[in-house]
Amino acid sequence: MSHLETIRERFAAARTKGVRSRDAAEHLALSEGAVVAAHTGVHAYPMRAVPLQREWLAILKDLEACGPLMALTRNETTVHEKAGVYQHLSAEGPVGLAVGEDIDLRLFFSHWHAGFVVKEVQADGAPSASLQFYDRWGTAVHKVYTRPQTNLVAWEQMLNRRIDPDLEFRFETGRAPRAARASEEDAQACAEAFAQAWSEMTDTHQFFGLLRKFGLERQQASSLVEGRFAHRVAPDAVRQMLLAAALDGTPIMVFVGSPGCIQIHTGPVKRVEPMEVRGMTWLNVLDPGFNLHLREDRITQVWIVEKPGDHGTVTSLEVFDDQGELMAMFFGARKPGRPELDAWRQLLEPLRPASAALA
């Protein structure tokens, strides 16, 4: 049996048992992208993949004609699924936007290395059709799935224009290197200057420039301004916030990012359900049109972070896993140029440490 045949057979066996694609690839000691690439060409296994042209923005623009789809962006610990129409796609250099009514994305195309059309017969016998995009290390940056309401004629027409069966994508082994971060000594040395620069922000988007300027990552940044602009809260703060938002109907924004995409939900959440599965604790939002799946047992730090701006303070709840990676960020729903909702601040108030609540 060839190496490709072995991958296909072992992957199919895992999928038959209900193992998720990403986990099945991990059991094979391969990236998910490498496993998908192994399913290109002619074969008889349940998953079939065909490479896509490297025209990422054009492909995403073509999706509008397909009508309702499901956008999926995930990282190691959190999955964000949003149903809607891909609209208002644009890009400036390698940075793109999708700002439709439901599909709201920030796209970083420098991380997009490979794309595939993937068709699969799932364990329950149901067919699945998707576009799947990966970075150089085979980590998924974004996926697009058809829905019952999808215009399948337009979908197939898009595929016929955008596939390139002759393309062959190869992936780096191992994991992508983590961004460099300042040593604790260097971070403490710049603490005063960093706090001053933070206080002078006039737009929350300036924060990314501050991190680059001082060579900091997000948790380091919050630690340097702890007690002033950032407040460490309990790991169960995410569950408390989501349950409270569901109870009083406060609309929120939920940001989840991969290496090449940030996906955003704006609106209320209604059905919040924690779930224990095989020793893992998942915190789920299971609403029509929006699903969130977050590994609550992997949470190690949660911060309430306040960033000043011309239209008042913008407050976020930022969640980090046991590897120091950002899992998700939560904001109150707001339009650019408008102050954030008082209801959102009231939602966070009970989560603050007593010293911060009294300040």
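For the reader, a short list of remarks on this structure follows.
- Calculated from the alpha-carbon coordinates, the chain shows an Rg and a Dmax of 21.3, 68 Å respectively.
- Extension gain from residue 186 to residue 157, taking 0.36 nm per residue of separation minus the Cα-Cα distance: 5.0 nm
- Split the accessible area of segment 138-237 by element, probe 1.4 Å, and carbon with sulfur accounts for 48%.
- Global geometry of segment 1-134, whether rounded, prolate or oblate, following the gyration tensor of its Cα atoms and the 1.5 cut on a/c: prolate
- Simple Cβ-charge dipole of the chain, Lys/Arg +1 and Asp/Glu -1, about Cα centre, in debye nearest 20: 540
- Estimated from helical segments only, the mean residue ellipticity of the chain at 222 nm is -7500 deg cm²/dmol, where each DSSP H run of four or more residues counts as -39500 (n - 2.57).
- Label-point separation in nm, residue 170 to residue 275, each point 7 Å along Cα→Cβ: 4.0
- When the pairs 213/335; 307/335; 61/143; 119/143 are compared against a 18 Å limit on Cα-Cα distance, 213/335 fall above it.
- Peptide packing for 16-22, 333-339 was compared via the average number of neighbouring C-beta atoms within 10 Å per residue; ordered from the highest value, the list is 16-22, 333-339.
- Accessible surface, per residue, of the chain when the full set of protein chains is kept, probe 1.4 Å, Å²: 49
- Sum of side-chain charges, residue 18 neighbourhood, beta-carbon under 14 Å (Lys, Arg +1; Asp, Glu -1): +2
- Separation of segment 202-223 from segment 238-291 is 25 Å, based on Cα centroids.
- List 282, 344, 56, ordered by accessible area with a 1.4 Å probe, largest first: 282, 56, 344
- Model label points for residue 212 and residue 195, set 7 angstrom from Cα along the Cα-to-Cβ axis, are 2.6 nm apart.
- Length gained on full extension, residue 2 to residue 87: 26.3 nm, using 0.36 nm per residue less the C-alpha separation.
- Rounded to whole Hz, the Karplus (6.51, -1.76, 1.60) HN-Hα couplings of segment 295-302, x for glycine and proline: 6, 5, 6, 8, 5, 10, 9, 9
The values are calculated or read from the model by the stated rules, or taken from the named source; none is laboratory data. Because the structure is predicted, anything quoted here is derived from the model rather than measured. Virtual Cβ from ideal backbone geometry, glycine too; neighbours counted across all protein chains shown. Surface areas here come from the heavy atoms of the whole protein model, side chains and all, with no ligands, DNA or RNA. Shrake-Rupley method; radii C 1.70, N 1.55, O 1.52, S 1.80 Å.
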